[in-house]
Each structure stands twice: as C-alpha cells, then as structure tokens.
1. What are the extents of the Cα atoms of the range 15-76 along their three principal axes, listed from largest to smallest and rounded to whole Å?
2. Once the dipole of the range 15-76 is set up with Lys and Arg at +1 and Asp and Glu at -1 on Cβ about the Cα centre, which of LEU29, ALA54, ALA64 lies farthest towards its positive end?
3. Using a Förster distance of 22 Å, how high is the FRET efficiency between ILE70 and LYS21, based on the Cβ-Cβ distance and rounded to 0.05?
4. In debye, nearest 20, what is the charge dipole magnitude of the range 15-76 about its Cα centre with +1 on Lys and Arg Cβ and -1 on Asp and Glu Cβ, if you could check?
5. What full-extension length gain, to one decimal in nm, is calculated for ILE56 and ASP34 as 0.36 nm per residue of separation minus the Cα-Cα distance?
6. Do the alpha carbons of any pairs in LYS15/LYS76; LYS27/LYS47; LYS38/LYS76 sit beyond 27 Å of each other, and which pairs?
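Here, each number is a calculation from the coordinates, and none is a lab measurement. For clarity, every value in this text was computed on a predicted model and none was experimentally measured. Here the Cβ positions follow ideal geometry from the backbone for every residue, glycine too, while neighbour counts run over all protein chains shown.
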Amino acid sequence: MKELLKKIKLIKEPKKEEDLKKEFIIKRLKQISDDIEKINLWFQMEKDDNLIDACIYQREVLNAQYNYLINKIRTKKIF
C-alpha cells in the first residue's frame, strides 16, 4: 500500500541531502542572477564616480559567486 501511495505521491518521502543541495544551488543562482541584473541597472543610472566603482566591484563579487557555483556543479556533477 505504501508503495502505491508513494507512486501517486500522497506520501512524500523526506528529501535527500543531495536534493537539498541542488535546491540551494538553484535558488542561490537565481538570486545572484537577479542581483546582477539590479547592479547593472544601478550602474547604468549612476552618475557618481565612486558609486560607479562600487557597482563594478559588487558585480565582480556576484560574478565570482556565480562562477563558483557553476564550477561546483560541473566538477561534482551535481546535476
């Protein structure tokens, strides 16, 4: 009976640690992408030289985080 219920997904199995890691990475990649988009908009509108530099540095930080997660996916074959 349990097998039948699992098949029709009435009983949810607890998520595996690997699935939780995948979910975290996917959420983080989406968040970083959104943040990069916001930084790019800020960069386009900013007039102050110091704040333009801040935009550039922030974008570099986000790009590094994004690349780290992508490399982690590739090397550990998470997906």
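1. 48, 20, 12
2. So the residue furthest toward the plus end is LEU29.
3. Details: r = 14 Å, r/R0 = 0.66.
Efficiency computed from Cβ-Cβ geometry: 0.90.
4. With only Lys, Arg, Asp and Glu charged at Cβ, the dipole is about 580 debye.
5. Details: separation 22, 0.36 × 22 = 7.92 nm, distance 1.56 nm.
Result: 6.4 nm gained on full extension.
6. Details: LYS15/LYS76 19 Å; LYS27/LYS47 32 Å; LYS38/LYS76 30 Å.
The pairs that break the limit, which is 27 Å between Cα atoms, are LYS27/LYS47; LYS38/LYS76.
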